[in-house]
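Since every read-out is calculated from the coordinates, none of them should be taken as a lab result. Every value quoted in this text rests on a predicted model; they were computed, and no experiment measured them.
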Ligand SMILES: [Zn+2]
């Protein structure tokens with residue numbers, strides 16, 4: 001069956017999204033085609049605003065609303081600037097916030113070291129992190145990268161980079177599902193891993 005180009009383009013665009021195969025992409029496309037005008041319109045508006053309406057926080061690299069000088073957490077006087085939790089992705093910040101057990105601030109690496117996928121230190125915000133620590137005022141750095149090979153390697157690399165700096169470096173306790181993402185860990189497990197964090201030596 002030869003599909004009209006706009007339909008094929010939509011299917012191709014959906015197919016590039018994580019977790020969406022060709023069948024789901026086709027189903028979504030035909031759903032939108034047959035749905036009331038405003039359903040597709042709202043989606044188009046949301047897609048446009050997603051990029052245009054957000055920026056990276058220049059301090060922690062979490063995502064925030066465009067026009068803000070810094071994100072809500074970096075700007076909050078109620079959050080302890082002396083304790084910084086280092087995570088891979090903005091979604092991990094959400095996971096940590098859901099535990100309700102963390103009152104410090106964050107640093108989002110924007111990924112993890114992965115030689116196989118060609119991700120090196122310069123692709124992440126590691127230099128920005130070490131500069132932030134060297135600037136002073138941070139007592140503890142909690143390395144909350146994922147419990148995976150990449151996450152562990154990233155944590156060790158950061159620890160090495162900071163070996164000459166006066167700061168306590170801790171790692172989340174074991175017990176999180178190995179190889180899994182922080183964002184999929186349940187709140188209780190993540191909170192327990194946070195409370196049981198241990199100094200890296
Ligand atoms: Zn921030």
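The C-alpha atoms of the chain define a longest principal axis, and helix 37-52 lies at about 30 degrees to it. Think of it as helices only: each DSSP H run of n ≥ 4 in the chain is worth -39500 (n - 2.57), and spread over all residues that comes to -12500 deg cm²/dmol at 222 nm. Taking the alpha carbon gyration tensor of the stretch 148-201, multiplying each eigenvalue by 5 and rooting it gives semi-axes of 22, 14, 7 Å, largest first. Here the stretch 1-65 is treated as a Stokes sphere of Kirkwood radius computed over C-alpha pairs; at 4 °C and 1.567 mPa s its diffusion coefficient rounds to 94 µm²/s. If the elastic network links every pair of Cα atoms under 10 Å, which of 23, 168, 134 fluctuates the most in the Gaussian network model of the chain? Comparing 23, 168, 134 in the GNM, the peak value goes to 23. Its residue count N sets the reference 2.2 N^0.38 Å, and the alpha-carbon radius of gyration of the stretch 95-201 equals 1.03 times that reference. For the pair the stretch 165-195 and the stretch 111-125, the centres of their Cα atoms are 21 angstrom apart.
The smallest convex shape that holds all Cα atoms of the chain, its convex hull, gives 162 Å³ per residue.
Both numbers refer to the Cα atoms of the stretch 45-162; Rg and Dmax are 14.4, 45 Å. In degrees between 0 and 90, to the nearest 10, how far off the longest principal axis of the chain does helix 5-15 point, with axes built from Cα atoms? Once rounded, the angle reads 30 degrees. Note on the stretch 41-99: Cα-Cα pairs beyond 19 Å make up 38% of the total pair count.
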